[in-house]
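Written out below as structure tokens is the structure these notes cover.
The values are calculated or read from the model by the stated rules, or taken from the named source; none is laboratory data. A quick note: this is a predicted structure, and the numbers were derived from the prediction, not measured. Glycine gets a Cβ as well: all are built from the backbone with ideal geometry, and neighbour counts include every protein chain shown.
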Amino acid sequence: MPKSGLDMPNYEVFLVGRYFCDLVFTDLPEFPRLGHEVYSGAFNLVPGGVYTPAVALHRLGIKVAWPCQFGSDPFSQYVKEQAINEGVDSTFFEDVSNPSLRITAAFSFENERAFLSYTDPLPKYSYGQLIRNLRPKWVYITHLVLEDELGDLVSAARSAEAKIYMDCQAHDHSHNDPTIKDALRKVDVFSPNADEAYELTCKKELKDALKELYSYVPAVIIKDGSSGCHYQDSHEIIHE
């Protein structure tokens, strides 16, 4: 991977996170049960994880740096191929000689989904120096990051004068965890989905969850599926 920002294009967004490959089963007659075999009516193999925001931002004409390691396994190579075909900048893609599996089986019904995931144990990736070299406008953290790992990213982002957007994907945390509040105070925008917002705040109304999260973060976006999203900063509260 390049180790210097010299002669690099101006990247607007630096993505922190890895790929996933989603195996999506739809048109299911029932939820799978132990000891029974269920056939789905349809199946799709879909690139996921950080591939999704990388492609979305690229389609919007935003220059994105996505450092990602792809293994020797077919899932890694499939996602990398799809990203390159989409035109995503591959400057910071890296092939490693061993498998790097990150897969999710999704069982999708009309109003609900269930997931079964597996990831190979991988060493943590050090993003700090690359952020300092590239000096992006935004560092986009695609999952909830806490404590020392977040501290390193924040330090690098602030030295590069970049703002920090953090997604959530938190399923095992609550507002009782002091590291959550500490993490939220360090970012510029926090964007959980509605279920995550309820879990993190223990509030029963979305407007109350929004208000609670905003007490720690300068701007909050809560994603609420087909109902749109809820946004609050120091100037306005919006529901779209």
Next item on the list: Any chance you could count how many residues in segment 161-209 are of a type in the set (G, A, S), under 16 Å from the mean Cα position of the chain (by Cα) and assigned to a loop (DSSP other than H, G, I, E, B)?
Entry: 1
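Please state which one of Y140, Y118 is assigned to a strand (DSSP E or B) and either out of contact with any strand residue (DSSP E or B) (no Cβ under 7 Å at 6 or more places or on another chain) or crowded, with 20+ Cβ neighbours inside 10 Å (or both). Outline the logic, then answer.
Values: Y118 fails: either out of contact with any strand residue (DSSP E or B) (no Cβ under 7 Å at 6 or more places or on another chain) or crowded, with 20+ Cβ neighbours inside 10 Å (or both).
Only one candidate qualifies: Y140.
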Notebook entry, point to check: Taking segment 25-73 as the region of interest, how many residues are touching a Ser or Thr at 6+ places or on another chain (Cβ under 6 Å), among the hydrophobic types (A, V, I, L, M, F, W, C) and without any contact (Cβ under 8 Å) to a residue 60 or more places away in the chain?
Noted result: 2
Checklist line | Single residue of Y214, Y231 found to be more than 19 Å from the chain's Cα centre (by Cα), in contact (Cβ under 8 Å) with a residue 12 or more places away in the chain and surrounded by 12 or more Cβ atoms within 10 Å (Cβ to Cβ) | finding: Y214
Checklist line | Lone unmet requirement of (1) at negative phi; (2) at pLDDT below 95 for E147 | finding: (1)
Next item on the list: Determine whether G71 is closer than 26 Å to L144 by Cβ, surrounded by 15 or more Cβ atoms within 10 Å (Cβ to Cβ) and over 19 Å from the mean Cα position of the chain (by Cα).
Entry: yes
Notebook entry, point to check: Any idea which residue in segment 34-61 is surrounded by the fewest Cβ atoms within 10 Å (Cβ to Cβ), counting only those that are among the hydrophobic types (A, V, I, L, M, F, W, C) and under 17 Å from the mean Cα position of the chain (by Cα)?
Noted result: A56
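Can you find a residue that is in a strand (DSSP E or B) and either of a type in the set (D, E, K, R) or exposed (fewer than 15 other Cβ atoms within 10 Å of the Cβ) (or both) anywhere in segment 80-101? Steps first, answer last, please.
Of the residues in segment 80-101, the ones in a strand (DSSP E or B) are 93-95.
Cutting the leftovers down to either of a type in the set (D, E, K, R) or exposed (fewer than 15 other Cβ atoms within 10 Å of the Cβ) (or both) gives us 94-95.
Yes, that holds for at least one residue.
Please determine, by comparing only the residues of segment 14-33 that are in a strand (DSSP E or B), within 15 Å of A106 (Cα to Cα) and not β-branched (V, I, T), which one is nearest to the chain's Cα centre (by Cα). Spell out the reasoning first.
The first filter runs over segment 14-33 and keeps only residues in a strand (DSSP E or B), leaving 14-16, 19-26.
Adding the requirement that they be within 15 Å of A106 (Cα to Cα) leaves 20-26.
When the remaining residues are screened for being not β-branched (V, I, T), the result is 20-23, 25.
Values: F20: 10, C21: 13, D22: 14, L23: 18, F25: 22 Å.
Among those residues, the one meeting the criterion is F20.
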Note to self: List pairs: first residue in segment 176-205 and free of Cβ contacts under 8 Å to residues at least 60 places away in the same chain, second residue of a type in the set (K, R) and assigned to a strand (DSSP E or B) anywhere in the structure, Cβ distance under 8 angstrom, at least six positions apart or on different chains.
What the structure shows: D188/K163; V189/K163; S191/K223; P192/K223; N193/K223; A194/K223
Item checked: Qualifying residue in segment 146-160 (condition: of a type in the set (S, T, N, Q), surrounded by 13 or more Cβ atoms within 10 Å (Cβ to Cβ) and under 17 Å from the mean Cα position of the chain (by Cα)) -> no
